[in-house]
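Visitor: Before we start, here is the structure in question, set down as structure tokens.
The values are calculated or read from the model by the stated rules, or taken from the named source; none is laboratory data. Fair warning: this is a prediction, and the values are worked out from it, not measured in the lab. Backbone-built Cβ (ideal geometry, glycine too); neighbour counts: all protein chains shown.
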Amino acid sequence: MTVARGGRLPQDIDAAMLRLNQSVEIDRELWREDIRGSQAHARGLLTAGVLGAEEADALVAGLEQVAQEIEAGHFQWDPALEDVHMNIEARLTQLVGPVGGKLHTGRSRNDQVATDLRLWTRRRCEETLDALTALAEVLLDRAESELEVLMPAYTHLQRAQPSRLSHHLMAWQELLWRDRGRLQDARARLNESPLGAGAVAGTGFALPRAAVAAELGFEGPMRNSIDATSSRDFLMEVASALAILGVHLSRIGEEVVLWSSAEYGFLTLSDAFSTSSSMMPQKKNPDVAELVRGKSARAIGALTALLVLEKGLAFGYGRDLQEDKRPIFDAFEGALLSLRALTGALATARFGAEKMRAALLQGHTCATDLADYLVTAGVPFRQAHHVVGGLVREAEQRGLQLGELPVDVLRAAHPALGEEAAGSALDPAAAVERRALPGGPARAAVTQEIAAARRRWGLVAAPVAAES
Ligand code: ARG
């Protein structure tokens, strides 16, 4: 405890304060970044003339040894040493002797932890981007392999218009594409080095901030020491991207849950991604999708915690900021687990093409097409809409689908509605193909979108000429 409290506070710390104060059980997650940051700082101290070459070498090698001990699981984490930084420095000093006490020259835990967190967050952003790409690739593969499967598109969860499964899967993919952009933006903006900012107002030692930043893969040093040590908007930004991603995955999850119900029968999860019930032997549950839905609640909670943590915080480090770790760690863990599980689940799921087709044939999904047919015969759309609405009513009363109404009923509703209309306007497959504008569900439009998306995501090896 004397290590942590220095010479200023000779009296022992209160037990409740000790518990409140310590964070090593959480922040030890940062050990890799803490060691890399310390090694870069040691080299910086060498350049600044604070350390001799032998001293710097001893610190760098000692830190390497600490890293090996942690990696191998031999390291004794001591809660009395408060946090990851003090634990590592204490062990380093045991290993290398008094020179260990020189490492912290010109540095504070304030710039140290900000550096560790930026490095850690950068790494996790990259892992998440990879996982996101893997999920997108599965969606693109399935969109390609299920290209012939037709289904209704829904509004208000009611059958609305004729579409195809691939088009729906590509909608999921679009959300993920924007999630990728948000994470990439946040990753680019956070990539600056706080080291050299010290506790709040820098240091008089001539630390080579740019060289230290470069060694750690940062774009450069942060421009203001007060900002560098006390701002966590990079975490809010990343957590925001993860919360939005979580919401997106929860929407996909919800559809997986709905689709795998007997009522829909649109999707069957593989056994590897299903669970059973402890009581009901017949059950095969889509827990994967429900858990993904659930994890997103925590992602939103993490964002909220980070926003509130910094709200109203005066400039300069405040210890409140120690509470930033758990939410951001949790948000990344949830995102990665969800992405990976959903990727496997969707890669191995079976789609119920027959059920989708049956849903397409029930529900008068070609009603808009029949109205459009009247429009091409010169009828104003509002009037056409009214005529077809009446026909749908008629069909419902007779227990028929719109396409099953006798031709004389159609003709009675409007003289322009003859056999030809029933044949082409009311054929769902033809109706899908008519929707051939960019962003529509026609085969050619979707095929083009799949190819373009593969290029965007970097999933095709050969460079392709610019799109027309
Ligand atoms: N454990 C702290 C954190 O996570 C870093 C230490 C800064 N502590 C301090 N008393 N200035 O933010």
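Visitor: Out of the residues in the stretch 248-296 that are of a type in the set (Lys, Arg) and within 26 Å of Leu360 (Cβ to Cβ), state the one that is surrounded by the most Cβ atoms within 10 Å (Cβ to Cβ).
Guide: Here is the first cut: in the stretch 248-296, the residues of a type in the set (Lys, Arg) are 251, 283-284, 293, 295.
Restricting the remaining residues to those that are within 26 Å of Leu360 (Cβ to Cβ) gives 251, 284.
On the way: Arg251: 16, Lys284: 13.
Result: Arg251.
Visitor: I would also like to ask the following. Can you name the residue in the stretch 69-122 that is in contact (Cβ under 8 Å) with a residue 24 or more places away in the chain, more than 15 Å from the ligand (Cβ to nearest atom) and of a type in the set (Val, Ile, Thr) and, of all such residues, is farthest from Arg319 (Cα to Cα)?
Guide: Here the residue is Val96.
Visitor: Here's another thing I want to ask about it. I'd like the full set of residues that are under 30 Å from Glu54 (Cβ atoms), of a type in the set (A, V, I, L, M, F, W, C) and not in a helix (DSSP H, G or I), limited to the stretch 102-148.
Guide: Here is the first cut: in the stretch 102-148, the ones under 30 Å from Glu54 (Cβ atoms) are 102-116, 119.
Add one more test, that the residue is of a type in the set (A, V, I, L, M, F, W, C), and what stays is 103, 113-114, 119.
Leu103 - this is the single residue of the stretch 102-148 that is under 30 Å from Glu54 (Cβ atoms), of a type in the set (A, V, I, L, M, F, W, C) and not in a helix (DSSP H, G or I).
Visitor: Something else now. Output the residue which, of all residues in the stretch 14-60 that are outside any helix (DSSP H, G or I) and within 13 Å of the ligand (Cβ to nearest atom), is modelled with the highest pLDDT. Give the steps one after another, and end with the answer.
Guide: From the stretch 14-60, those outside any helix (DSSP H, G or I) are 14, 22-23, 48-52; that's our starting set.
Next, from what is left, pick out any that are within 13 Å of the ligand (Cβ to nearest atom): 22-23.
Details: Gln22: 94, Ser23: 97.
This residue is Ser23.
Visitor: Still on this structure, please answer the following. What are the residues in the stretch 439-453 that are small (Gly, Ala, Ser), touching a helix residue (DSSP H, G or I) at 6+ places or on another chain (Cβ under 7 Å) and part of a helix (DSSP H, G or I), if any?
Guide: Once the filter is applied, which keeps residues that are small (Gly, Ala, Ser), touching a helix residue (DSSP H, G or I) at 6+ places or on another chain (Cβ under 7 Å) and part of a helix (DSSP H, G or I), the stretch 439-453 yields only Ala453.
Visitor: If I ask for residues that are out of contact with any Gly (no Cβ under 6 Å at 6 or more places or on another chain) and within 16 Å of the ligand (Cβ to nearest atom), which ones from the stretch 180-211 would you list?
Guide: Pro194, Leu195, Ala197, Gly198, Ala199, Ala201, Gly202, listed by residue number.
Visitor: Does Ala199 fit the bill of being small (Gly, Ala, Ser) and part of a loop (DSSP other than H, G, I, E, B)? If you could, list the steps in order and put the result at the bottom.
Guide: Working: small (Gly, Ala, Ser): yes; part of a loop (DSSP other than H, G, I, E, B): yes.
Spelling it out, Ala199 is indeed small (Gly, Ala, Ser) and part of a loop (DSSP other than H, G, I, E, B).
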